[in-house]
Amino acid sequence: MHTNTNIEGMTLLEATLTIECPDASTTERKQIEAWSYIAHTRAWTHLQGFYGRTVHDLIGRDIIDHDGNILVDFDDEGNMVF
């Protein structure tokens, strides 16, 4: 289980911007951390359906759990390692 996440201090705005407006420097790790925040705070219940569907997809693929814990590891470049 990947335990070193950066969701403490993250805001809903930062999470949604990371998800909706990624730039060239946005890694898979940063995006999964944003989804982890959305799942952990249950914000997906107040956002459009895309968020809930994606959270449930990530849970079903064992990338995060229901509490928003990240279940995968990342390489030094921020890519998921399965």
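Miscellaneous remarks
- Order of Phe82, Phe50 under a 10 Å beta carbon neighbour criterion, fewest first: Phe82, Phe50
- Neighbour counts of C-beta atoms inside 10 Å place Ile64, Ile59 in the sequence Ile59, Ile64, starting with the fewest.
- Computed from backbone phi, the HN-Hα couplings of the range 68-77 come to x, 5, 7, 10, 10, 9, 10, 7, 5, 8 Hz, rounded to whole numbers (Karplus: 6.51 cos²θ - 1.76 cosθ + 1.60, θ = phi - 60°; Gly and Pro given as x).
- Over the residues of the chain, the helix contribution to mean residue ellipticity at 222 nm works out to -12500 deg cm²/dmol, using -39500 (n - 2.57) for each DSSP H run of at least 4.
- 5 angstrom amide H check on Phe74, placed H, neighbours 5+ away: Val81
- Under 5 Å between amide hydrogens, built in the peptide plane, is the criterion, and for Ile64 it picks out Ile59, Leu71 among residues at least 5 positions away or on other chains.
- The per residue volume of the convex hull around the alpha-carbon atoms of the chain is 88 Å³.
None of the figures in this text is laboratory data; all of them are computed from the coordinates on show. No experiment lies behind these values; they were computed from the predicted model shown. Cβ sites come from the backbone with ideal geometry, for glycine too, and all protein chains shown count toward neighbours.
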